[in-house]
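Undergrad: If you scroll down you'll find the structure; I have some questions about it.
The values are calculated or read from the model by the stated rules, or taken from the named source; none is laboratory data. Remember, it's a predicted structure, so these values are computed and weren't measured experimentally. Cβ placement follows ideal geometry from the backbone for every residue including glycine, while neighbour counts extend to all protein chains displayed. Each accessible area value is taken on the protein alone, full model and side chains, heavy atoms only, with ligands, DNA and RNA left out. Shrake-Rupley method; radii C 1.70, N 1.55, O 1.52, S 1.80 Å.
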Amino acid sequence: MTNNKPLISIENLTKTFHTKAGDVQAVNDVSFKLRKGSIIGLVGESGSGKTTLGRCLLRLIEPSSGYIDYQGIDLLKLNSRKLKAMRKRMQIIFQDPFSSLNPRMRVQDIIAEGIKVHDKLISKKDRLIRVAELMEEVGLQAEQMSRYPHEFSGGQRQRVG
């Protein structure tokens, strides 16, 4: 029997930015549930709030209202320490990987940056070993670690992301 509980539940999520020109409602009353192993696509024109929604889900920006439940945990009630630990299990992958990857950094450094943030005690050597493993896991060759983002195809850059 499979677990029928959603991996994530979003209810009535709203994000309003207050500007000098007035209030801008970037996300308006968004609700959905996503089960483990499922995929959801966010489609909308530029400026429709897709990135803002993703940032709210990770609490990189705070939603104005709504509810975010991730595996039974109310993300909006987590303190910064618990939220940081939770973010190790969540990630946004942006549609345009070229603009989200630093063109001055080698791919090994881009990937290692996330490992370093989440595990400060890991040695540089072990970090590079883990980067090689991760690259292989997503279909990239470890020998490509020293390349820069512009040296990869769009699909390869997305896997780096």
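Undergrad: Tell me, what HN-Hα J-couplings in whole Hz come from the Karplus equation 6.51 cos²θ - 1.76 cosθ + 1.60 at θ = phi - 60° for each residue of segment 6-14, using x for Gly and Pro?
TA: So the J values, rounded to whole Hz, are x, 5, 9, 10, 10, 10, 6, 6, 9.
Undergrad: Provide the FRET efficiency to the nearest 0.05 for the Arg35-Asp74 pair, computing r from the beta carbons and using R0 = 22 Å.
TA: For Arg35 and Asp74, the calculated efficiency is 0.75.
Undergrad: Across segment 47-64, in residue order, what do the Karplus-derived ³J(HN,Hα) couplings come to in whole Hz, using 6.51 cos²θ - 1.76 cosθ + 1.60 with θ = phi - 60° and x for Gly and Pro?
TA: x, 7, x, 4, 5, 4, 4, x, 5, 5, 4, 8, 6, 6, 10, 8, x, 6
Undergrad: Just reorder Ser9, Ser38 by solvent-accessible area, largest first, 1.4 Å probe, all chains present.
TA: Largest to smallest exposure gives the sequence Ser38, Ser9.
Undergrad: Taking segment 95-161, which trypsin sites (Lys or Arg not before Pro) meet the DSSP loop condition and have no more than 11 other C-beta atoms within 10 Å?
TA: Arg104, Lys120
Undergrad: Ignoring ligands, DNA and RNA, what percent of the accessible area of the chain is carbon or sulfur (1.4 Å)?
TA: 50
Undergrad: Can you work out ³J(HN,Hα) from phi for every residue in segment 68-84, in order, using Karplus 6.51 cos²θ - 1.76 cosθ + 1.60 and θ = phi - 60°, giving whole Hz and x for Gly and Pro?
TA: Running phi through 6.51 cos²θ - 1.76 cosθ + 1.60 with θ = phi - 60° gives 10, 10, 10, 6, x, 10, 6, 5, 6, 9, 6, 6, 4, 5, 5, 5, 4 Hz.
Undergrad: Further question: Using amide H atoms built in the peptide plane, which far-off residues or other-chain residues are under 5 Å from Ser65 H to H?
TA: When sequence neighbours closer than 5 places are left aside, the close amide H contacts are Thr14.
Undergrad: With a Cα-only, solvent-free Debye model of segment 33-119, what are the log10 I(q)/I(0) values at q = 0.16 Å⁻¹?
TA: The calculated log intensity ratios at q = 0.16 Å⁻¹ are -0.83.
Undergrad: Are there trypsin sites (Lys or Arg not before Pro) in segment 1-71 that DSSP puts in a loop and that have at most 16 other Cβ atoms within 10 Å, and which ones?
TA: Passing both the DSSP loop test and the Cβ count: Lys20, Arg35, Lys36.
Undergrad: Using 1/(1 + (r/R0)^6) with R0 = 25 angstrom and r between the beta carbons of Ser65 and Asp119, what's the FRET efficiency to the nearest 0.05?
TA: Using R0 = 25 Å, I get an efficiency of 0.15.
Undergrad: Just need the Rg to Rh number for the chain, please, alpha carbons only, Kirkwood Rh.
TA: Numbers: Rg = 17.9 Å, Rh = 17.9 Å.
My calculation of the ratio gives 1.00.
Undergrad: Which of the aspartates and glutamates could be linked to Lys77 by a straight reach, that is with a Cα gap under 13 Å, when you skip same-chain ones fewer than 8 residues away?
TA: Reachable aspartates and glutamates: Glu62, Asp69.
Undergrad: Now for a separate question. Please give the per residue accessible area of segment 44-154, computed with a probe of 1.4 Å over protein heavy atoms only, in Å². Write out the running numbers ahead of the final one.
TA: Details: 7170 Å² over 111 residues.
Value for segment 44-154: 65 Å² per residue.
Undergrad: Mind checking which lysines have their C-alpha under 27 Å from Lys84, skipping anything on the same chain fewer than 8 residues away?
TA: Filter leaves Lys5, Lys15, Lys33, Lys36, Lys50, Lys116, Lys120, Lys124, Lys125.
Undergrad: At 222 nm, what value in deg cm²/dmol follows for the chain if DSSP H runs of at least 4 each add -39500 (n - 2.57) and the sum is divided by all its residues, to the nearest 500? Before the final figure, lay out the partial values.
TA: Numbers: 6 runs with 53 residues, N = 161.
Helices in the chain give a 222 nm mean residue ellipticity of -9000 deg cm²/dmol.
Undergrad: Taking the alpha-carbon centroid of each part, what is the distance from segment 1-71 to segment 120-161 in angstrom?
TA: Using only Cα atoms to place each centre, the spacing works out to 29 Å.
Undergrad: Which residues' amide hydrogens lie under 5 Å from the amide hydrogen of Arg35, considering only partners 5 or more residues apart or on another chain, with H built in the peptide plane?
TA: The answer is Leu7.
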